[in-house]
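Trainee: Structure in structure tokens, see below.
The values are calculated or read from the model by the stated rules, or taken from the named source; none is laboratory data. Treat the numbers as computed from the prediction; the structure is a model and nothing was measured. Don't worry about glycine lacking a Cβ; one is built from the backbone with ideal geometry, like all the others, and counts go over all protein chains shown. Ligands, DNA and RNA are stripped out before the accessible areas are found, and what is left, the full protein with its side chains, is counted by its heavy atoms. Shrake-Rupley method; radii C 1.70, N 1.55, O 1.52, S 1.80 Å.
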Amino acid sequence: MKVLKFGGSSVSNAENCNRVKEIIKKNYKSCKQVVVVSAFGGVTDELERCISIAIDRNKEYEKGLQALKNRHLKVSKELDLPESAESLILKKFSELEEVLKGVYLLEDISEKVKNMVMGSGELLSSAIISEFFKKSGMNAVYFDSREFIKTQNGKGVYLNSQQTLKNLNNIKEADFELAVFPGFIASGQKGETTLLGRGGSDYTASILAAGLNCSELEIWTDVSGMYSADPRLVSQAEPIRRMSFQEAMELSHFGAKVIYPPTLIPVVQNQINVRIKNTFLPDDEGTLISKTPEEKRSVVRGLSSVNDINLFTLSGSGMVGISGFASRFFTCLAKNKINVVLITQASSEHSISVGIQKDDTEMAVEAVWEEFEMEIKMKLVNDPGVEENLSIVAIVGEDMGFTPGISGKVFSVLGRNGVNIRAMAQGGNEMNLTFMVPTYDIKKVLNVIHEEFFETTYKKVNLYIAGVGNVGSKLLEFVKNQYDFLMEEKGLQLIVRGITNSRKMYFAGDENILSCWEEKLNKEGEKANLQKFVQKMEQANLRNSVFVDITASDYVSKIYQQVLSSTVSIVACNKIAASSGFDNYMKIKAAAKKHNVEFMFESNVGAGLPVISTINSLIDTGDKIVGIDAVVSGSLNFIMNEFNNGCSFVDAVKMAMEQGFTEPDPKIDLSGMDVLRKLLILSREAGYKLEEGDVEHEPMIPKSCLKGSSAEELLKDLEENNDYFEQWRKVMEEKNIRYRYIASFKNGKASVGMKEVSPDHPFYDIHGKDNVISLNTTWYNDQPLIIKGAGAGAEVTACGIFGDIIKITSNS
Ligand code: ADP
Ligand code: ASP
Ligand code: MG
């Protein structure tokens, strides 16, 4: 014999009742079945609402009841039940109408009447289901749970086990083939209707399973088992195939709503296996909860969480070293039936903190005041402290106790994601690690921990991209092209969550917009607003988030501090921040460190070439950079190479502009400003404190050509100065040299300017838009370390940005 419990979602309409019938029919006659049903989905909530508005003298309760009546009548009609079912429904509702009218007039309701109203949903659903079974040719026998399941008086749910067991013993297997019981309802000592607590139909089912000596309990619901985390909060959560009673108990106790916690007590005592199954996908395996789950065990079995928990603290210098405080504290809470969900006490004994339900807090404060009034007045004990808006998270697994490093992993991943743990506790058996975090962070917390322990497959990385011009589009193309590779080989899933340019911005949910971002941005995007963009990113509060700055905007660089303090990393192609005042550069780096996130800007120098990372790793290994010589302007090189090939200087500039090798304002290149900024960045990364004014700076072209405000004016001025540039050509030919715009740093001195290089110099032959960076270090002393390759262009720049993103996400 087995018990099958169908939850509210499984019996919410006629179609679902049909599913239930099919499930029962499968084993009809081959095995005795006891069916327990909840009220139709949402009915208990609605009855509760009707009560509370009737108390408030709001006549709307009548409409609520009417809608409920219609809903039940509709199901009865659709299932084609006999008239007697309809009469029963009408009778029940006329009773409810009478009762609630009284409540409305009295503006009050007794516990007894309230239970009667609240339990009506189960009486209705069980009667309907039972009639439906009969109509479908199955010989269903209806039992009223109140005649069997007895409760004791008191706050909370107290089963009168002895009496219940005795009553159930009176039911003989021979009495039925198929039995139907309403869930949730029971009766008290005087026969009055009592309830087993919200979600209590699960409990009804397990009480019956134990009392009727069943071999198995099946909980049929709307998900395929108990998941590794609440599937509404963690989309990657998966059903756990097998788990122990203890694990299921811990998970349900800490919020895994799929099973009501007391449910496990009767089945554990009687070693009855529990299966959680999906009414909508009955062939899915579901979860088997048993004494010894035989399965390749993952150390952590699941996570769960409960919101609306407050941290309640008793503290004071008068507590140190004096015995009895803890005992008085807990006794006064227990006397008031305040459920303590977590306890911590620092070894100084200066404070004891407990996690309690939000609704119990007022009572707890009163209780502590009453108990410790004298000590509080004498300032030996402080006013009780209450910290609100917290959630409790439990990480559960029977093998956790034998595996070191679990808490280390949990706390470091939370730290990296900027989550502040307010209190923590670990049970002596180490099968449950529990801690409290701000409710605001709960989704992030569950997801990062889930990712850490369960998602061996891939880690989600959330990108917020500012600037989708040439380079930005290329980056998105890379992400799209590498998407499958990254998932399969690196276990990374890059998700673009937000995109903005100077005109529009667009936010994507879980949808993959890599193939349609342009259309989404242009057609569905809202007006761009950088502050709002960052706010949305903060509100989303997603783990592993990266803000990618592919603009050249001063305004965007000003929000870095804010971004980093929201524990979002930054990858910048924008050079402004790293080359701004040294103080600002240091502040941004410090903010990244403080918030445990990254600020990366490899593409600031040499596009995708590994320049900054090379300097960083040399320094990390104890080397010292003593000199830098670099040709780091791909655009200036391109211009000089075209010029050397015979093209006029102005035409070479035009070509570079057309091919997108220059900054949006080409004067930034030709003035040497871009190179100067790059040298500042390189020398700062090499450990030197350098400001812009410290760099000796000679522009590439005559200063008079840099005065105009537009690109047209610049080109006109260059044309007018053609003779000046042709003079270069003459000198180069005569002396057999080439001019290169070189950034140098030596002995603390930095300069940028045009220099002559002879054919044997490594900077003589530099093709196209290549960059060359030559580093003299303690270890690379005789022969410098040379990094050379394409250093400008949308593709290689995007490549540098992409590399930073991957580095950040692989580190985290
Ligand atoms: P029923 O109406 O069948 O009693 P419940 O709503 O009480 O169903 O419980 C099922 C719901 O519990 C699921 O739809 C799911 O949203 C939620 N839930 C929360 N945590 C978990 C978990 N760890 N595993 C499965 N479901 C969970
Ligand atoms: N109908 C009750 C509730 O909604 C009991 C149950 O569904 O388990 O809480
Ligand atoms: Mg339930």
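Trainee: Eight or more residues apart or on different chains, and alpha-carbon atoms under 22 Å: count the Lys pairs in segment 95-152 matching that.
Mentor: Taking segment 95-152 as the scope, the lysine pair count is 4.
Trainee: Can you give the net charge of the other residues whose Cβ lies under 11 Å from the Cβ of Pro239, counting K and R as +1 and D and E as -1?
Mentor: Within the 11 Å Cβ shell, the charges total 0.
Trainee: May I pose another question? Once the Cβ-Cβ distance between Met655 and Asp399 is put in as r, and R0 is 56 Å, what FRET efficiency do you end up with, to the nearest 0.05?
Mentor: E(calc), rounded to 0.05, equals 0.25.
Trainee: Turning to a different aspect of this structure: Please list the non-local residues whose amide H lies under 5 Å from the amide H of Ser648, H modeled 1.01 Å from N, same-chain partners needing a gap of 5 or more.
Mentor: The answer is none.
Trainee: Turning to a different aspect of this structure: Under 12 Å from a point 7 Å along the Cα-to-Cβ line of Asn213: which residues of segment 130-169 have their amide N that close?
Mentor: Those under the cut-off are 169.
Trainee: Using a 1.4 Å probe over the heavy atoms of the protein chains, calculate the carbon and sulfur portion of the accessible area of segment 97-198 as a whole percent.
Mentor: It is 48 percent, rounded to a whole number.
Trainee: Still on this model: Given a cut-off of 30 Å, name the pairs among Lys678/Lys807; Lys536/Lys589; Lys490/Lys587; Lys520/Lys716 whose C-alpha atoms lie farther apart than that in the structure shown.
Mentor: Over 30 Å apart, Cα to Cα: Lys490/Lys587; Lys520/Lys716.
Trainee: Determine the relative contact order of the chain: mean sequence separation of Cα pairs under 8 Å and six or more apart, normalised by residue count, in whole percent.
Mentor: The value is 8 percent.
Trainee: If Lys and Arg each add +1 and Asp and Glu each add -1, what is the summed charge of the other residues whose beta carbon sits under 13 Å from the beta carbon of Glu795?
Mentor: So the environment of Glu795 carries a net charge of +1.
Trainee: What helices does the chain have that are whole DSSP H segments, at least 30 Å long along their own axis by Cα, and with mean Kyte-Doolittle hydropathy of -1.0 or more?
Mentor: Result, helices passing both filters: 83-106.
Trainee: PRE reach from Met363 (point 7 Å along Cα→Cβ): which of segment 303-317 fall under 15 Å by backbone N?
Mentor: 310
Trainee: Right, next: Please give the net charge around Gly581, taking every other residue with its beta carbon less than 15 angstrom from that of Gly581, where Lys and Arg add +1 and Asp and Glu add -1.
Mentor: Charge balance in the 15 Å sphere: +2.
Trainee: Could I ask something else about it? Taking θ as phi - 60°, what are the ³J(HN,Hα) couplings along segment 774-782 by the Karplus curve (6.51, -1.76, 1.60), each to the nearest whole Hz, with x for Gly and Pro?
Mentor: 10, 10, 9, 9, 4, 8, 9, 9, 5
Trainee: Could you work out the relative contact order of segment 126-192, using alpha carbon pairs under 8 angstrom and six or more residues apart, expressed as a whole percent?
Mentor: The value is 44 percent.
Trainee: Next question, about the same structure. Pull out the extension gain between Glu83 and Glu387, defined as 0.36 nm times the separation in residues minus the alpha carbon to alpha carbon distance; nm, one decimal.
Mentor: My answer for the length gained is 103.8 nm.
Trainee: Something else: Modelling each spin label as a point 7 Å along the Cα-to-Cβ direction, I'd like the Arg241/Glu173 distance in nm, to one decimal.
Mentor: So the label points at Arg241 and Glu173 sit 3.1 nm apart.
Trainee: Here's another thing I want to ask about it. Per-residue counts of other Cβ atoms within 10 Å, averaged by peptide: what ranking do you get for 663-669, 637-643, 162-168, 327-333, highest first?
Mentor: 637-643, 663-669, 327-333, 162-168
Trainee: Work out from phi, with θ = phi - 60° and the Karplus expression 6.51 cos²θ - 1.76 cosθ + 1.60, the ³J(HN,Hα) of each residue of segment 550-559, listed in order in whole Hz, and give x for Gly and Pro.
Mentor: In residue order, the calculated couplings are 10, 9, 10, 9, 5, 4, 5, 5, 6, 9 Hz.
Trainee: Now for a separate question. With an 8 Å cut-off on Cα pairs and a minimum separation of 6 or more residues, tell me the relative contact order of segment 150-286 in percent.
Mentor: In percent, rounded to a whole number, it is 24.
Trainee: List the residues, sorted by chain then number, that are 5 or more residues from Tyr227 or on another chain and whose placed amide H is less than 5 Å from its amide H.
Mentor: Amide H neighbours of Tyr227: Ile240.
Trainee: Take Asn336, project a point 7 Å from its Cα along the Cβ direction, then tell me which residues of segment 314-330 have their backbone nitrogen under 13 Å from it.
Mentor: 314, 329-330
Trainee: With every protein chain kept in place and ligands, DNA and RNA left out, what is the accessible area per residue of segment 436-547? Probe 1.4 Å, answer in Å².
Mentor: Normalised by residue count, the accessible surface of segment 436-547 is 44 Å².
Trainee: Using alpha carbon centroids, what distance separates segment 529-562 and segment 443-487, in Å?
Mentor: If you average the Cα positions of each part, the centres end up 16 Å apart.
Trainee: List the aspartates and glutamates whose Cα sits under 17 Å from the Cα of Lys730, skipping any in the same chain fewer than 8 residues away.
Mentor: Glu642, Glu756
Trainee: Around Arg275, which amide H atoms from residues at least 5 apart in sequence, or from another chain, sit under 5 Å from its own amide H, with H modelled in the peptide plane?
Mentor: Those lying under 5 Å, H to H, from Arg275 are Leu217, Glu218, Ile219, Ile289.
Trainee: For Asp765 and Lys490, compute 0.36 nm times the residue count separating them, minus their Cα-Cα distance, and round to one decimal in nm.
Mentor: This chain segment gains 95.2 nm when fully extended.
Trainee: Okay, next question. How do 555-568, 769-782 rank on mean C-beta neighbours within 10 Å, highest first?
Mentor: Peptide ranking by packing, descending: 555-568, 769-782.
Trainee: Taking 7 Å along the Cα-to-C-beta vector as the label spot, tell me the Lys112-Gln66 distance in nanometres, rounded to one decimal.
Mentor: In this crude label model, Lys112 to Gln66 measures out at 3.2 nm.
Trainee: What is the calculated FRET efficiency for Ser617 to Arg198, with r their C-beta to C-beta distance and R₀ = 51 Å, to the nearest 0.05?
Mentor: 0.30
Trainee: Right, here's the next one. Assuming 0.36 nm per residue, please report the length gained on full extension of the stretch Lys532 to Lys735 beyond their Cα-Cα distance.
Mentor: The Lys532-Lys735 span can extend by a further 67.3 nm.
Trainee: How much mean residue ellipticity at 222 nm does the chain get from its helices, if each DSSP H run of length 4 or more adds -39500 (n - 2.57) and you divide by all residues, to the nearest 500 deg cm²/dmol?
Mentor: -12000 deg cm²/dmol
Trainee: I've got another one for you. 7 Å from Cα along Cα→Cβ at both Glu147 and Lys707: what's the point-to-point distance in nm?
Mentor: Result for the modelled spin labels: 10.7 nm.
Trainee: Indicate, rounded to the nearest 5 percent, the antiparallel portion of the DSSP beta bridges found entirely in segment 180-278.
Mentor: Given both bridge residues lie in segment 180-278, the antiparallel proportion sits at roughly 40 percent.
Trainee: If you plug each phi of segment 518-527 into the Karplus form 6.51 cos²θ - 1.76 cosθ + 1.60 with θ = phi - 60°, what whole-Hz ³J(HN,Hα) values come out, in order, with x for Gly and Pro?
Mentor: 5, 5, 4, 4, 6, 8, 10, x, 9, 4
Trainee: Compute the FRET efficiency between Asn596 and Glu524 as 1/(1 + (r/R0)^6), taking r as their Cβ-Cβ distance and R0 = 45 Å, and round to the nearest 0.05.
Mentor: In this case the efficiency is close to 0.85.
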